[in-house]
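Remarks on the structure that follows.
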Amino acid sequence: MAVINTQLKDNIGTITFNDPEHRNILSSTMIDEMLQSIGALQKGKMRVLVIRAPAGSKVWSAGHDVHELPLPGRDPLSYHDPLVTVLRSIQSLPIPVIAMIEGSVWGGACDLALSCDILIGCPTTSFCMTPAKIGVPYNVSGILHFMNIMGVNFAKEMFFTAEPLSAEQANRAGLLNHLVEAAELADFTYSMAHQITRNSPLSIGVIKEQIRLLASAHPLSPLTFERVQGLRRTVYDSKDYAEGIKAFLEKRAPVFTGE
């Protein structure tokens, strides 16, 4: 059974998560299907992509599949990790991507949503960044992504507390472009998508790439980059990292010691 559904209509592609049993978790299977669907939709002359969950969903996506995180001693979010790969694919896609968000968004799914160009939510929308709950050192590009969108202090609070941001808080923090009633979410989203399809796809593609390049124009010296990677390595080599994953799989609260 496919864990996503795909549709192309009026040059608008739609990817709908379809794994409610696992709360639409971003497993390697789901990510593989997403990447294949994006490629197929591009061949079908897609000019806008909408990523969504089924209507009425309580969870948009529960984020990275913790069962697929590597054991201590390996970077849990390396360049070739499936989640990191799909984030790059969406960010570099030469068409606008709209995240239509109903329900809660957890962990790596927050980064997936923020990788989209436009985020439209409703009152049930919430965002929770959970790496600190399981002892995962988030990667450099991911943290910079949050800082660019919501600012340093909001990003700090979100990562440090690992508490959900409500729809209203997310709207104030700049995560959401629009906050509308759940009953209006689909009509509002697809109305905007249709508006985009009436504009020049070449112009939009070039503007999107310019914005992406300018937003990432934060050079790091080799020494700084090596220090950041070294800091992250102390976490994924630690007892806390092993404890966080073990506790999650055992469905209990972790006991972190800072070691």
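The values are calculated or read from the model by the stated rules, or taken from the named source; none is laboratory data. Model, not experiment: these values are computed from the prediction. Here Cβ is always computed from backbone atoms with ideal geometry, including for glycine, and neighbour counts include all displayed protein chains. Just the protein is used for accessible areas: all its heavy atoms, side chains included, with ligands, DNA and RNA removed. Shrake-Rupley method; radii C 1.70, N 1.55, O 1.52, S 1.80 Å.
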(message) From the phi angles alone, apply the Karplus equation (6.51, -1.76, 1.60; θ = phi - 60°) to segment 160-172 and give each ³J(HN,Hα) in whole Hz, x where the residue is Gly or Pro.
(response) 6, 7, 6, 9, x, 9, 5, 4, 5, 5, 5, 5, 5
(message) Output wanted: per-residue J couplings in Hz (rounded whole) for segment 131-144, from phi through Karplus 6.51 cos²θ - 1.76 cosθ + 1.60, θ = phi - 60°, x for Gly and Pro.
(response) x, 5, 6, 10, x, 9, x, 5, 7, 5, 4, x, 5, 4
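FRET efficiency for residue 9 and residue 88, Cβ-Cβ distance as r, R0 = 41 Å, nearest 0.05?
Numbers: r = 27 Å, r/R0 = 0.65.
My answer for the efficiency is 0.95.
When Lys and Arg each count +1 and Asp and Glu each count -1, what net charge do the other residues less than 14 Å away from residue 146, Cβ to Cβ, add up to? Don't skip to the answer; put the middle values down first.
Details: positive: 156; negative: 111, 157.
After counting each charged neighbour, the total is -1.
Subtract the Cα-Cα distance of residue 58 and residue 206 from 0.36 nm times their separation in residues, and report this length gain in nm to one decimal.
Working: separation 148, 0.36 × 148 = 53.28 nm, distance 3.58 nm.
Using 0.36 nm per residue and subtracting the Cα-Cα distance, I get 49.7 nm.
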(message) Under the rule of at least 5 residues apart or a separate chain, name every residue whose amide H is placed under 5 Å from the amide H of residue 59.
(response) 104
(message) Given all pairs of different Cα atoms, what value in angstroms does the Kirkwood hydrodynamic radius of the chain take?
(response) 18.9
(request) Would you look at the GNM of the chain, springs on alpha carbons closer than 10 Å, and say which of 40, 167, 99 moves the most? (result) 40
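So how do 168-176, 51-59 stack up, highest first, on mean other-Cβ count within 10 Å? Intermediate results must be reported in sequence, preceding the final value.
Details: 168-176: 18.7, 51-59: 17.0.
So the order, starting with the most tightly packed, is 168-176, 51-59.
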(request) Using the Karplus curve 6.51 cos²θ - 1.76 cosθ + 1.60 with θ = phi - 60°, work out ³J(HN,Hα) for each residue of segment 115-123 in order, rounded to whole Hz, and write x for Gly and Pro. (result) 6, 6, 7, 9, 10, 10, x, 9, x
(request) Quantify, in whole percent, the carbon and sulfur part of the accessible surface of the chain (1.4 Å probe; protein heavy atoms only). (result) 58
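Using +1 on the beta carbon of Lys and Arg, -1 on that of Asp and Glu, and nothing else charged, what's the dipole of the chain about the Cα centre, debye to 20? The partial results should precede the final answer.
Working: 22 positive and 25 negative charges, 90 e Å.
So the magnitude is around 440 debye.
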(message) Using helices alone, I'd like the mean residue ellipticity at 222 nm for the chain: each DSSP H run of four-plus residues gives -39500 (n - 2.57), total over residue count, nearest 500.
(response) -14000 deg cm²/dmol
(request) Grab every C-alpha pair in segment 1-137, bin the distances at 10 angstrom width from 0 up to the longest one, and report whole percents. (result) 12, 46, 34, 8, 1
(request) Find which of 20, 101, 148 sits farthest along the positive direction of the dipole of the chain, computed with +1 on the beta-carbon of Lys and Arg, -1 on that of Asp and Glu, about the Cα centre. (result) 148
(request) Normalise the Debye intensity by I(0) for segment 106-259, one equal point scatterer per Cα, no solvent, then take log10 at q = 0.12, 0.14, 0.18 Å⁻¹ and round to two decimals. (result) -0.67, -0.86, -1.18
(request) Over every pair of different alpha-carbon atoms in segment 97-176, take the mean of 1/r and invert it; report that Kirkwood radius in Å. (result) 12.4
(message) Can you give me the long-range amide H partners of residue 26? Hydrogens built in the peptide plane at 1.01 Å from N, cutoff under 5 Å, separation of 5 or more residues or another chain.
(response) 62, 63, 64, 65
(message) Between 0 and 90 degrees, rounded to the nearest ten: what's the tilt of helix 239-249 against the longest Cα principal axis of the chain?
(response) 50
